[in-house]
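**Student:** Handing you a structure now.
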Amino acid sequence: MKRASSRLRTRPVLSGLLAAALAAPIAWAAPPPPGTSAGDLAAERAFVDALMARMTLAEKLGQLNQPPAVGNNTGPAAMAGSEDQVRSGAIGSWLGTHGAELTCRLQRIAVEESRLGIPLLYAYDVIHGMRTTFPVPLGEASSFDPDEARNAARVAAVEATAHGVHWTYAPMVDIARDPRWGRVVEGAGEDPYLGAVFAAARVRGFQGDDLAAPDTLLATAKHFVGYGAAEGGRDYNIAEIPERTLREVYLPPFEAAVDAGAQSIMAAFNEVGGVPMHAHKPLIQDLLRAQWGWDGVLVSDYTGVLELVEHGVAADREAAGRLGLAAGVDVDMVSNIYLKDLPAAVEAGRVPMAEVDASVRRVLNAKFRLGLFEDPYRYCKDPARQQAMTLTPEHRAAARRMAQKSMVLLENEGEVLPLSKSLGTLAVIGPLADEPWAMLGNWVGIGRPQDAVTPLAALKQALGDRTKLVVAKGADIDSDDTSGFERAVRAARSADAVVMFLGEHPEMSAEANNRTSLDLPGVQEQLALAVAATGKPVVVVLLNGRPLSTGALQGEVPAILEAWFPGIEGGNAIVDVLFGDVNPSGKLPVTVPRNVGQVPIYYAHRNTGRPPDKDNKYTSKYIDVPWTPLYPFGHGLSYTTFRYDPPAVARATLPGDDLAQQVSVRVTNTGKRAGTEVVQLYVRDDVASVTRPVRQLRGFRRVELQPGESRVVTFELGHDDFAMYDLDMKRVVEPGTFTVFAGGDSQASQSARFEVEAP
Ligand code: BGC
């Protein structure tokens, strides 16, 4: 919900007049033969060569220019004068413009009234749903279910493309190890392996199998790179990242996105090692393009090119443009520098034409791959589709499933959960019990609060007249007013059980929403403690966008369910879990600190020469809180229990030139209910030439087990699972012993060891 435009709506239908206009002939001489768009590189090259041969410098720079849409109360509208800009070929793509009618109207101007008829690209931040809002990405990652995440992205793509959108600025694949940073909510958490798996799944979901299909769009892996390492958790801040950490932690999700075929990458606002990412030739041109062989479109972040001036590496706009283009930033989002300031620079020879051409080619390639030269109206010409494909029952069902899987049961002392469906009275307390907007979270596309089912609405629906609901807000999210406590405590006393809905406002996480505290805002913690003091069975449901340090509730509140911002079906999904229709299976994709002072804290840390030892003061700890987290990465309870046998490795010794290993672990449901466990496998390189993380996630599997049922889960490991960057920054597997750990969280203690021999 960052900019006004993202909250706005568009009119769903295409007028008859417009539909007729779409039948008019297209301006360019020879459209590519039908069906050549997806994957026919020779056809693409021939077509783009011929087109570029006819383009003026101004038309070329126009292709690299991306202005923002301006919203009004019926939806994003073109800016005043922008239609003339489209006509003159000065706009290649548009940020935030959506809606079948509007996109078709502007496309018609581009195709029929501009000299070369090059179609526009429409880009939009479709982050966790277009209209059907899914859980926030951090919540989705808690599912440890990449297939479900892929499906969520597919649904978002279907709805977005029906609104004329060609290009989403998702997935955000930044690793985040500092929960003060508001954008922790937009990614898959702290771990590069989990992050890579989710990056690939989301890219595949958005882009589908055929980019030229009318329901697939360009995915953008963002923000390249190191954005999550912002110092102090302060958005946009500089990042100090040693090369090894960059390679092992921050780059892997981008590489996975590239391997999955991501057609676009966005540069990050931060600098790395003194070089702002919008000017980072070594990382963009040398690594991304030359080494990884990636040929997609690199888009700047919002005014990212202009910001090179504030970074202090460019004296003026033109210098900023020169740096950006030379670094390989193809599309200039919002700065308007490529369009306005580069023509003179190119003409005077300060910018090589070859640099312009390389970027223009990549933009035109993207348009070709989407099939826009075959049919520029394929995304918007069927006005009925926008209505038919939006907020369908199937999409809602998918959002509910994802929300169910994303919930993490943090505590469940005395098996307070699941609640009985035959409670006489249930108290519903807290500021987030009935706030539709709070279900959505931030970055909601065209999602609407009216579509959201709140927990209170879902409780009423599920319990009907059987259970009396007593409702008390107790407190606001972020105020120091405790005057509502008394009523809340009274409500709790009158009830058989209490459910509290506490957390953050959606505007407390995502872009520029950083906090220096990880505590529940306002007086919510005191409210929970006051209610818990009644001695009633109390369940706290958290709705929030970052890990929260709720340690004060431990031992006081028996059950805590982390629901994140769960999307429009969140209320239903919460109720499904509270009453046991769904057994929770989510796991934390981030470590939850005891307090903000522990940050950064993450499970895959290196050991130091003095690992924490409670009996030895002079080891790496604190004197005021334990060094361990409140909840470890991978933690999440179930209504049943699971037992792990020690893992078994297939081979005790691996020859250095044959690193295929299998690790098997038997897991048994030892409780009384069916449940799904996320079996996790961690690897440790015991001794190496450089220090290694104490363990690293290298596999996970969701396994559904009936009571008493056992299953052996087998993980295939190989070179990449054992590799590291050595002293010379070479990626190698060093001989020696490796330990594997299997279990239900990152503190899993069951282990096995094997040896890798020298090659
Ligand atoms: C954000 C990006 C986003 C872009 C366009 C920027 O401020 O950093 O993540 O895609 O705006 O809305």
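**Student:** Before anything else, pin down the relative contact order of region 399-598: Cα pairs under 8 Å, at least 6 apart, normalised by residue count, whole percent.
**Tutor:** Working: 454 pairs, mean separation 71.2, N = 200.
This gives 36 percent for region 399-598.
**Student:** Counting every Cα pair in the chain, what percent are over 46 Å apart? It would help to have the intermediate numbers written out before the result.
**Tutor:** Numbers: 67503 of 287661 pairs.
Cα-Cα pairs in the chain separated by more than 46 Å: 23 percent.
**Student:** Go ahead and collect, in residue order, the members of region 422-437 whose backbone nitrogen is under 18 Å from a label point 7 Å along the Cα-Cβ direction of residue 483.
**Tutor:** Only 430-431 pass the distance filter.
**Student:** Additional query: Please turn the phi angles of region 644-649 into ³J(HN,Hα) values with the Karplus equation 6.51 cos²θ - 1.76 cosθ + 1.60 (θ = phi - 60°), one per residue in order, whole Hz, x for glycine and proline.
**Tutor:** Along region 644-649, the couplings run 10, 7, x, x, 10, 9 Hz.
**Student:** What's the exposure ranking of 618, 227, going from fewest to most Cβ atoms within 10 Å?
**Tutor:** Working: 618 7, 227 29.
Ranking 618, 227 by Cβ neighbours within 10 Å, fewest first, gives 618, 227.
**Student:** When N counts the residues of region 642-756, how does its alpha-carbon radius of gyration compare numerically with 2.2 N^0.38 Å, as a ratio?
**Tutor:** Details: Rg = 15.2 Å, N = 115, 2.2 N^0.38 = 13.4 Å.
In units of the 2.2 N^0.38 Å rule of thumb, it is 1.14.
**Student:** Further question on the same structure: For residue 490 and residue 714, FRET efficiency with R0 = 51 Å and r from the beta-carbon atoms, rounded to 0.05? Kindly include the intermediate steps, with their values, before the conclusion.
**Tutor:** Working: r = 55 Å, r/R0 = 1.08.
Taking R0 as 51 Å, the efficiency between residue 714 and residue 490 is 0.40.
**Student:** Rg(Cα) of region 390-541 divided by 2.2 N^0.38 Å? Intermediate values should be presented prior to the final figure.
**Tutor:** Numbers: Rg = 16.1 Å, N = 152, 2.2 N^0.38 = 14.8 Å.
Normalised Cα radius of gyration, region 390-541: 1.09.
**Student:** Non-local amide H neighbours of residue 698 (under 5 Å, H modeled in plane, Pro and chain starts lacking H): which ones?
**Tutor:** Excluding prolines and chain starts, which carry no amide H, the hits are 681, 682, 683.
**Student:** Separation between the residue 739 and residue 45 pseudo-spin-labels, each 7 Å from Cα along Cα→Cβ, expressed in nm?
**Tutor:** 5.3
**Student:** Using the Cα centre of region 116-247 as origin and beta-carbon charges of +1 (Lys, Arg) and -1 (Asp, Glu), tell me which of 223, 170, 157 is placed farthest towards the positive end of the dipole.
**Tutor:** Final value for the positive-end residue is 223.
**Student:** For a quick protection proxy, order the peptides 624-636, 313-325 by their average other-Cβ count within 10 Å, most packed first.
**Tutor:** Values: 624-636: 19.2, 313-325: 21.5.
Most protected by this proxy first, the peptides run 313-325, 624-636.
**Student:** Specify the angular offset, from 0 to 90 degrees and rounded to the nearest 10, of the alpha carbon long axis of helix 393-406 from the longest principal axis of the alpha carbons in the chain.
**Tutor:** Its long axis makes an angle of about 50 degrees.
**Student:** I'd like to compare 121-130, 421-430, 151-160, 571-580: which one has the highest average count of other Cβ atoms within 10 Å, and what's the full order after that?
**Tutor:** Details: 121-130: 28.3, 421-430: 19.7, 151-160: 25.6, 571-580: 23.8.
In descending order of packing, they fall as 121-130, 151-160, 571-580, 421-430.
**Student:** How would region 547-670 be classified by its alpha-carbon gyration tensor: rounded, prolate or oblate, with rounded meaning a/c under 1.5 and the a/b versus b/c comparison settling the rest? Numbers along the way, then the final one.
**Tutor:** Details: a/c = 2.17, a/b = 1.14, b/c = 1.90.
Oblate, since a/c reaches 1.5 and b/c is not below a/b.
**Student:** If you fit an axis through the alpha-carbon atoms of helix 317-327 and take the longest principal axis of the Cα set of the chain, what angle between them do you get, 0 to 90°, nearest 10?
**Tutor:** With rounding to tens, the tilt is 70 degrees.
**Student:** Where both partners of a DSSP beta bridge lie in the chain, what percent of those bridges are antiparallel, to the nearest 5? Each step should come with its number before you reach the end.
**Tutor:** Numbers: 49 of 88 bridges.
Restricted to the chain, the bridges split so that about 55 percent are antiparallel.
**Student:** Sum -39500 (n - 2.57) across every DSSP H segment of at least 4 residues in the chain, then divide by the residue count to get the 222 nm mean residue ellipticity, nearest 500. Walk me through the numbers on the way to the answer.
**Tutor:** Numbers: 21 runs with 202 residues, N = 759.
That calculation yields -7500 deg cm²/dmol at 222 nm.
**Student:** Report, in degrees rounded to the nearest 10, the 0 to 90 angle that the Cα long axis of helix 337-347 makes with the longest principal axis of the chain.
**Tutor:** Compared with the principal axis, the helix lies near 40 degrees.
**Student:** Around residue 315, with a cut-off of 15 angstrom between Cβ atoms, what is the net charge of the other residues, counting Lys and Arg +1 and Asp and Glu -1?
**Tutor:** Its environment carries a net charge of -2.
**Student:** How do 724, 52 line up, fewest other C-beta atoms within 10 Å first?
**Tutor:** Details: 724 20, 52 17.
Least crowded to most crowded, the residues run 52, 724.
**Student:** I want to make sure I understand the PRE zone here: with the label point 7 angstrom from the Cα of residue 605 toward its beta carbon, which residues in region 170-213 have backbone N atoms less than 14 Å away?
**Tutor:** Only 177-179 pass the distance filter.
**Student:** Then there is this: Sorting check: for 362-373, 288-299, which peptide has the highest mean count of neighbouring beta carbons within 10 Å, and how do the rest follow? Intermediate values should be presented prior to the final figure.
**Tutor:** Numbers: 362-373: 24.0, 288-299: 18.6.
My ranking of the peptides, most packed first, is 362-373, 288-299.
**Student:** Holding the Cα-Cα limit at 19 Å, pick out from 222/281; 587/621; 421/536; 421/468 the pairs that are longer than that.
**Tutor:** Values: 222/281 17 Å; 587/621 26 Å; 421/536 17 Å; 421/468 11 Å.
Too far apart for the 19 Å limit: 587/621.
**Student:** Next question. Local charge sum around residue 229 (other residues, Cβ-Cβ under 9 Å, Lys/Arg +1, Asp/Glu -1)? Let's see the in-between values first.
**Tutor:** Working: positive: 177; negative: 174, 178, 231, 240.
So the surrounding residues net to -3.
**Student:** Leaving out same-chain residues fewer than 8 places away, which lysines sit with a Cα under 28 Å from that of residue 381?
**Tutor:** Within reach: 60, 367.
**Student:** Okay, next question. Quick check for me: using +1 on Lys/Arg Cβ and -1 on Asp/Glu Cβ, what's the dipole size of the chain about its Cα centre, in debye to the nearest 20?
**Tutor:** On the way: 75 positive and 91 negative charges, 242 e Å.
Here the chain has a charge dipole of around 1160 debye.
**Student:** Let me ask something else about it. To the nearest 20 Debye, how big is the dipole of region 399-598 about its Cα centre, given +1 on the beta carbon of each Lys and Arg and -1 on that of each Asp and Glu? If you can, show how the numbers build up before the last one.
**Tutor:** Details: 17 positive and 23 negative charges, 99 e Å.
The dipole of region 399-598 has a size of about 480 debye.
**Student:** Once you charge only the Cβ atoms, +1 for Lys and Arg and -1 for Asp and Glu, what is the size of the charge dipole of region 642-756 about its Cα centre, to the nearest 20 debye? Could you put the intermediate results ahead of the total?
**Tutor:** Values: 15 positive and 16 negative charges, 119 e Å.
Here region 642-756 has a charge dipole of around 580 debye.
Taken together, the values in this text are just the output of simple stated rules run on the coordinates, not laboratory data. Predicted model, so just to flag it, every value in this text is computed and none were measured. So basically every Cβ, Gly included, is an ideal-geometry build from the backbone, and we count neighbours across all protein chains shown.
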